[in-house]
Every structure is written in C-alpha cells, then in structure tokens.
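Just below is one structure, and these are the notes that go with it.
Derivation of every value follows stated rules applied to the coordinates shown; laboratory data play no part. Note that the structure is a prediction, hence the values are computed from the model and not measured. Cβ sites come from the backbone with ideal geometry, for glycine too, and all protein chains shown count toward neighbours.
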Amino acid sequence: MGKLKGKADQVKGKTKEEIGSMTDDKSMEMKGEAQKTKGRLEETAADAAARMRRIGEKKR
C-alpha cells in the first residue's frame, strides 16, 4: 500500500505543479513539488521495508 500511495502522491504532486506553472501560481508549484517528494519518500520507504522483510525471511 505504501508504494501505491507514494506513486499516487507523485502523480497528484506533478499535476499541482503543472497547474501552478500554467497559472503562474508559485505556491501551487511548491506544494506540488513537496507532494512529489513526499510520494518518492513513501515509495522508497515501502521498497526498503519490503527488502528488510525478504532479508528476514532468508535468515529463517
């Protein structure tokens, strides 16, 4: 779920960023960039958690 939510946040952020750019709304652009970054972090955290689970399974 974390990886999917991360991807969704990246898409939403990119959309906000583009709308902000088209309307010359710097605040919207910055919010979009922040949401994209949050999405990337969520996706990375989900990947790391999955790797840790695989490592734990191998050690059993």
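Residue separation times 0.36 nm, minus the C-alpha to C-alpha distance between Ser27 and Val11: what's the value? Show your work: numbers first, answer last.
Working: separation 16, 0.36 × 16 = 5.76 nm, distance 1.75 nm.
Here the segment from Ser27 to Val11 would lengthen by 4.0 nm.
Which one, Gln35, Ser21, Gly6, projects farthest toward the positive side of the charge dipole computed for the chain from Cβ point charges (K/R +1, D/E -1)?
Gly6
Using only Cα atoms, find the angle between the long axis of helix 26-59 and the longest principal axis of the chain, and express it within 0 to 90 degrees, rounded to the nearest 10.
Approximately 10 degrees, to the nearest 10.
Measure nothing fancy, just the Cα-based angle from helix 2-22's long axis to the longest principal axis of the chain, in degrees from 0 to 90, nearest 10.
Compared with the principal axis, the helix lies near 10 degrees.
For n ≥ 4 DSSP H runs only, could you compute -39500 (n - 2.57) per run for the chain, divide by its residues and tell me the 222 nm figure to the nearest 500?
It comes out at -33000 deg cm²/dmol, rounded to the nearest 500.
Tell me, what is the percent relative contact order of the stretch 1-42, built from C-alpha pairs under 8 Å that lie six or more residues apart? Can you show the working numbers first?
On the way: 55 pairs, mean separation 21.7, N = 42.
That works out to 52 percent.
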